[in-house]
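Below is one structure, written out as structure tokens, with a few remarks after it.
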Amino acid sequence: MRYHEKVEVHGHLMDTGVLARVLDDVLDYGGDYRVDHIDLGRSHDDESHAVITVGAETPRRLMRILMRIQVHGVNKVESGAARCEPADRDGAFPPDFYSTTNLETVVHLGGQWVPVEHPEMDCGLVVSGGRVRTIPVTDVRAGDVIVCGVDGVKVVLPVTDHSSRIYAEYEALGAPLPSSAQPQAVLVKAIARQVREVKAEGAQVLWVAGQTVVSTGAAPALVALVEAGYVDVLFTGNALATLDVEAALYGSPLGLGPLRSGRVQRGSEQHIRAINAIRREGSIRGAVESGVLTQGIMHAMVKANKSFVLVGSVRDDGPLPDVYTDVVEGQRAMRAALRGVGYAVMIASAQHSVATGNILPASIPVACVDVNPTTVHALTERTSAHAVGVVADTGLFLEELAVELVPDFRPPRPGTGGAGF
């Protein structure tokens, strides 16, 4: 005996490859399918519509298949009403909880479709006071009302304007590996234009950055972007902040320039002195206010009164007093900082970028920049439906973007000082 369910999907199914991915996922999860109806759009801007019957040998496997293919915007034709159950213990969902995507989601409760607040992937849905929000498994408490099964839950794919100039540029030039300097230049201009538009609409720009921003000498470019108002929130780790502070205090971090030209047997003495200087002031903000820290990325963020979240790892030196050493608390701080964000730039930080992609709604456009094509591909696949990937040197990309967005910015000349301060 097999169990079946009829589902449907709308969108640009053929040119984006959505339909092929849906059918592949059904097979990969041990199910089968029959395409009952497909209506292909006649022009490039027209959406297509497909109705598919999905089958599986058990109700549980069918439920998992239906949840899986929802990441592509697939919904049951007859969705019914949502089923909710109370959690029976802290830190765990009921066994058949609904596992979320990062797509805009609505839940059928009491005869009404209720929008889910701040969609986030790999969470559950908790219902309280007629409202529905995503909840990570670590925050579940016994008695929380959790949506279970796939009934009464629909997702909505972000709207993409196929006729827009930016979308056309991204489609034509947003491949993981640009073949010349011109495609990168066009992408930089397109990203700059989107950043301006997001700021003009009153939304915030999130940056997720790795230590390479400092080690490639690109810190002055990021400082210029902060001071010009194009960096509202910064997610990073202990490494970038520490290298930035070290460069500000001593002129050259981590083996760059004359101060660190040779291996020091005692280890990273200058590195830990920089951390100690900030720890003596209690925080990065305290160091800025006391006059100990007078330049650099973190100094600029404090002076501009912008938000930053530093989440650490087991390999961190120190760490700096602002660093979240509990990753769960760090995740909570990152989620809280996302309110009002309308665009994200992820540059040279695979670890923090993946973490950010996990909590970002799919509706927020993302630019993923890294010198490694594999990293760029992985990030664009798991983040936004509007993600664009750029394979580029961190320093050169940041300087190009700063030149585009900050009219009076001029990249420092080679050899004018370590990390650019």
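Exposed loop sites here are GluC sites (Glu not before Pro) in DSSP loop states with at most 16 other C-beta atoms within 10 Å. What is the longest stretch of the chain lacking them?
With a cap of 16 other Cβ atoms within 10 Å, the longest stretch comes to 202-421.
For the peptides 205-211, 190-196, what is the packing order when you average, over each peptide's residues, the other Cβ atoms within 10 Å and list the highest mean first?
Output ranking for 205-211, 190-196: 205-211, 190-196.
Over the chain, with the other protein chains present, what is the accessible area per residue in square angstrom, probe 1.4 angstrom?
46
Can you give me the long-range amide H partners of residue 234? Hydrogens built in the peptide plane at 1.01 Å from N, cutoff under 5 Å, separation of 5 or more residues or another chain.
207, 307, 308, 309
Could you tell me which residue out of 397, 200, 291 lies farthest along the dipole of the chain toward its positive end? Charges go on the beta carbon: Lys and Arg +1, Asp and Glu -1, centred on the Cα centre.
So the residue furthest toward the plus end is 291.
Short version: ³J(HN,Hα) in whole Hz for each residue of the range 136-149, in order, from phi by Karplus 6.51 cos²θ - 1.76 cosθ + 1.60 (θ = phi - 60°), x for Gly and Pro, what are they?
Those phi angles translate into x, 4, 5, 9, 5, 10, 3, x, 4, 8, 10, 6, 10, x Hz.
Note down the net charge around residue 196, summing +1 for each Lys or Arg and -1 for each Asp or Glu among other residues with Cβ under 12 Å from its Cβ.
Local charge sum for residue 196: 0.
Helix 59-69 versus the longest principal axis of the chain: what angle, 0 to 90°, nearest 10, using Cα atoms?
50
For the Cα atoms of the chain, what angle does the longest principal axis make with the long axis of helix 394-405, in degrees from 0 to 90, nearest 10?
90
Quick one: net charge of residue 87's neighbours, Cβ under 9 Å, K/R +1, D/E -1?
Its environment carries a net charge of -2.
Where a ≥ b ≥ c are the square roots of the eigenvalues of the C-alpha gyration tensor, would you call the range 15-135 rounded, which needs a/c under 1.5, or, failing that, prolate if a/b is larger than b/c, or oblate?
prolate
List, in order, the whole-Hz ³J(HN,Hα) value for each residue of the range 21-37 obtained from phi through the Karplus relation with A = 6.51, B = -1.76, C = 1.60 and θ = phi - 60°; use x for Gly and Pro.
Result, rounded to whole Hz: 5, 4, 5, 4, 5, 4, 5, 4, 8, x, x, 9, 8, 9, 7, 7, 7.
Under the rule of -39500 (n - 2.57) per DSSP H run of 4 or more residues, summed and divided by the residues of the chain, what mean residue ellipticity at 222 nm is obtained, to the nearest 500 deg cm²/dmol?
Mean residue ellipticity, 222 nm, calculated: -10500 deg cm²/dmol.
How large is the accessible surface of residue 97 in square angstrom, using a 1.4 angstrom probe and rounding to the nearest 10?
Counting only protein heavy atoms, residue 97 exposes about 60 Å² to solvent.
Out of [x] 23.8, 71; [y] 23.8, 74; [z] 21.7, 76, which label holds the value of Rg and Dmax of the Cα atoms in Å that was computed here?
Entry [y].
May I ask what percent, to the nearest 5, of DSSP beta bridges between residues of the range 15-162 are antiparallel?
95
Ranked by accessible surface with a 1.4 Å probe, highest first, in what order do 324, 230 come?
324, 230
Can you tell me the 0 to 90 degree angle between the C-alpha axis of helix 350-359 and the longest principal axis of the chain, rounded to 10?
Once rounded, one gets 40 degrees.
The values are calculated or read from the model by the stated rules, or taken from the named source; none is laboratory data. Here the structure is a predicted model, which is why all the values come from computation and not from measurement. Cβ coordinates were reconstructed from backbone atoms using ideal geometry, including for glycine residues, and neighbour counts include every protein chain displayed. These accessible areas exclude ligands, DNA and RNA; they are computed on the full protein's heavy atoms, side chains included. Shrake-Rupley method; radii C 1.70, N 1.55, O 1.52, S 1.80 Å.
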